[in-house]
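Here's the structure we're looking at; comments come further down.
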Amino acid sequence: MSGTGLPDDATLMQQVAQGDRRAFLSLYDKYAARVHGLSVRMLQDGMSAEEVTQDAFLRLWTRARTFNADRGQVLSWLLAITRRLALDRFRLDSRVPPPLETENPGLDLDGLADESSRTDESRWRSLRFALADLPAEQRLSIELAFYHGLSQREIAEHLKIPLGTVKTRLRLGMQKLRRAWAIDPIQAGRR
């Protein structure tokens with residue numbers, strides 16, 4: 001149970017694994033917007049994003065028994081499933097990622113985190129801000145790898161830059177994100 005008297009996500013997942021539809025609907029209501037936001041961001045197509053969102057929650061329902069709370073949180077697990085499904089959808093459709101139309105591609109991740117949350121959501125929000133604070137070339141390389149599933153070589157070809165430059169940008173960007181995200185803002189607020 002959480003501090004609000006409602007079951008926590010791990011408890012809800014156990015209930016879903018036992019076929020509890022109310023627990024499933026609780027998780028759906030809590031995370032559908034974030035799953036859909038990631039799907040839209042990756043696929044840039046509303047209909048495809050809806051299908052991926054539906055498939056992600058179908059996987060949550062059918063594979064709830066495989067969730068291990070010791071390995072991470074439900075939202076992280078669900079977003080990883082969503083990301084894999086969206087990448088599979090890219091491959092199935094044989095799409096090349098469209099060029100990013102904004103100069104700050106990381107700033108439209110609002111659908112991933114609930115701004116009013118004071119719990120684990122604040123960690124997602126802090127990651128969004130950390131990503132937005134990266135130099136544009138590092139942020140773009142990370143987004144092409146994560147949201148579009150491009151390999152380092154594909155990123156180099158897409159951006160028309162040397163492979164070594166892509167590797168350096170990814171490494172430096174990930175190091176900065178790790179440092180920025182290493183301190184849990186919830187824990188930091190309690191100190």
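Applying the selection to the stretch 50-71, what residues are without any contact (Cβ under 8 Å) to a residue 24 or more places away in the chain and under 17 Å from the mean Cα position of the chain (by Cα)?
Step one: filter the stretch 50-71 for residues without any contact (Cβ under 8 Å) to a residue 24 or more places away in the chain, giving 50, 54, 58, 62-63, 66, 68, 70-71.
Across the stretch 50-71, the qualifying residues are 50, 54, 71.
I need the full set of residues from the stretch 49-64 which are surrounded by fewer than 20 Cβ atoms within 10 Å (Cβ to Cβ) and either farther than 18 Å from residue 24 by Cα or among the acidic types (Asp, Glu) (or both), in order please.
50, 51, 55
When you check residue 87 against the structure, is it in a helix (DSSP H, G or I), surrounded by 13 or more Cβ atoms within 10 Å (Cβ to Cβ) and at pLDDT 80 or above, yes or no? Break it down stepwise before answering.
Numbers: in a helix (DSSP H, G or I): yes; surrounded by 13 or more Cβ atoms within 10 Å (Cβ to Cβ): yes; at pLDDT 80 or above: yes.
When the stated conditions are applied, residue 87 passes them.
For residue 94, state whether it is at pLDDT 50 or above and either among the hydroxyl-bearing types (Ser, Thr, Tyr) or loosely packed, with under 12 Cβ neighbours inside 10 Å (or both). Explain how you work it out, then say what you get.
Details: at pLDDT 50 or above: yes; either among the hydroxyl-bearing types (Ser, Thr, Tyr) or loosely packed, with under 12 Cβ neighbours inside 10 Å (or both): yes.
Yes, satisfied.
Scan the stretch 29-48 residue by residue and report those that are free of Cβ contacts under 8 Å to residues at least 24 places away in the same chain, farther than 23 Å from residue 7 by Cβ and either touching a strand residue (DSSP E or B) at 6+ places or on another chain (Cβ under 7 Å) or in a helix (DSSP H, G or I) (or both).
First, pick out the residues of the stretch 29-48 that are free of Cβ contacts under 8 Å to residues at least 24 places away in the same chain: 29-30, 45-47.
If we keep only those that are farther than 23 Å from residue 7 by Cβ too, we end up with 45-47.
46, 47, listed by residue number.
Would a scan of the stretch 164-181 turn up a residue that is of a type in the set (A, V, I, L, M) and either loosely packed, with under 15 Cβ neighbours inside 10 Å or modelled with pLDDT under 60 (or both)?
Checked against the condition, which is being of a type in the set (A, V, I, L, M) and either loosely packed, with under 15 Cβ neighbours inside 10 Å or modelled with pLDDT under 60 (or both), the stretch 164-181 yields no hits at all.
Looking at the stretch 15-28, is at least one residue within 29 Å of residue 150 (Cα to Cα) and small (Gly, Ala, Ser)?
No; the residues of the stretch 15-28 include none that is within 29 Å of residue 150 (Cα to Cα) and small (Gly, Ala, Ser).
Which number in (1) at pLDDT 90 or above; (2) closer than 18 Å to residue 89 by Cβ; (3) not hydroxyl-bearing (Ser, Thr, Tyr) marks the one condition that residue 61 misses?
Here residue 61 clears every test but (2).
May I ask you to verify whether residue 67 is modelled with pLDDT of 90 or more, surrounded by 14 or more Cβ atoms within 10 Å (Cβ to Cβ) and over 15 Å from residue 85 (Cα atoms)?
So residue 67 fits the description; yes.
The values are calculated or read from the model by the stated rules, or taken from the named source; none is laboratory data. The model shown is predicted, which means the values in this text are computed figures rather than measured ones. Please note: Cβ atoms are built from the backbone with ideal geometry, for glycine as well, and neighbour counts cover all protein chains shown.
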